[in-house]
Amino acid sequence: MTNYSQVIYLDKTLTKKVKNIQKKIFDLTWSKACLEIWEPHLTIGDGIIIDDKNIDLYCEKVKKLLEIHNIFEIEVKNYNFMDNWSGWNLPGHSKYVIYLNIILNKEIKNLAKSIKDDITKVHPIWYKQTLP
């Protein structure tokens with residue numbers, strides 16, 4: 001059994017912009033887990049637990065979802081923070097998270113609903129997404 005986060009990654013241009021913001025935050029806070037562990041991403045569904053023997057089936061489901069959902073743009077609204085992130089007990093993490101608020105558009109809502117309906121509901125959850 002393995003814990004998986006359900007995230008989507010940003011394109012190269014936006015990743016570079018977010019990394020620059022992360023480096024500025026590091027200069028102020030010395031917090032660097034985001035620079036060393038995670039690539040900039042959007043959490044698109046709850047963290048799920050998958051039996052290792054079922055990983056191929058999970059990958060097939062994800063591939064099918066990607067075939068029906070197009071690439072979409074996101075718009076960043078501002079930033080916010082959490083001081084109680086439930087994944088903080090992982091090595092290299094703290095309970096404090098700064099994140100970018102995005103404007104929820106139709107495409108991202110549809111993708112999140114598909115993931116919830118077609119993938120998340122059939123797996124145990126290890127991390128409940130804190131935001132809708």
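Using a 1.4 angstrom probe on heavy atoms only, work out the carbon and sulfur share of the accessible area of the chain in %. Present the calculation step by step, with values, prior to reporting the outcome.
Numbers: 5490 of 9730 Å².
The C+S portion of the solvent-accessible surface of the chain is 56 percent.
When the helices in the chain are scored as -39500 (n - 2.57) per DSSP H run of 4 or longer and the sum is shared across all residues, what 222 nm value do you end up with, to the nearest 500 deg cm²/dmol? Let's see the in-between values first.
On the way: 4 runs with 49 residues, N = 132.
Mean residue ellipticity, 222 nm, calculated: -11500 deg cm²/dmol.
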* To do: Starting from the Cα of Asn105, step 7 Å along the direction of its Cβ; do the same at Asp52; then give the gap between the two resulting points in nm.
  => 4.0 nm
* Would you tally the net charge around Thr2, using a Cβ to Cβ cut-off of less than 14 Å, leaving Thr2 out, and scoring K and R as +1, D and E as -1? => -2
* Cα-projected label distance for Trp126 with Thr2, points at 7 Å along beta-carbon direction, nm -> 1.0 nm
* Rounded accessible area of Ser5 (nearest 10 Å², 1.4 Å probe) -> 50 Å²
* Structure fact -> Regression test value, accessible area per residue of the chain, probe 1.4 Å, units Å², expected 74 Å²
* To do: Using only Cα atoms, tell me the angle between helix 12-29 and the longest principal axis of the chain; keep it within 0 to 90° and round to the nearest 10.
  => 50 degrees
* Rounded FRET efficiency, nearest 0.05, which uses the C-beta distance separating Lys113 from Glu67 and R0 of 25 Å -> 0.95
* Give the cross-link partners of Lys128 among the aspartates and glutamates, using a straight C-alpha distance below 18 Å as the criterion and excluding same-chain residues fewer than 8 apart. => Asp46, Asp83, Asp117, Asp118
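The values are calculated or read from the model by the stated rules, or taken from the named source; none is laboratory data. What you are looking at is a predicted structure, and each value in this text was computed from that prediction instead of being measured. A quick note on method: Cβ atoms are made from the backbone with ideal geometry, for glycine too, and the neighbour counts reach across all protein chains shown. Just the protein is used for accessible areas: all its heavy atoms, side chains included, with ligands, DNA and RNA removed. Shrake-Rupley method; radii C 1.70, N 1.55, O 1.52, S 1.80 Å.
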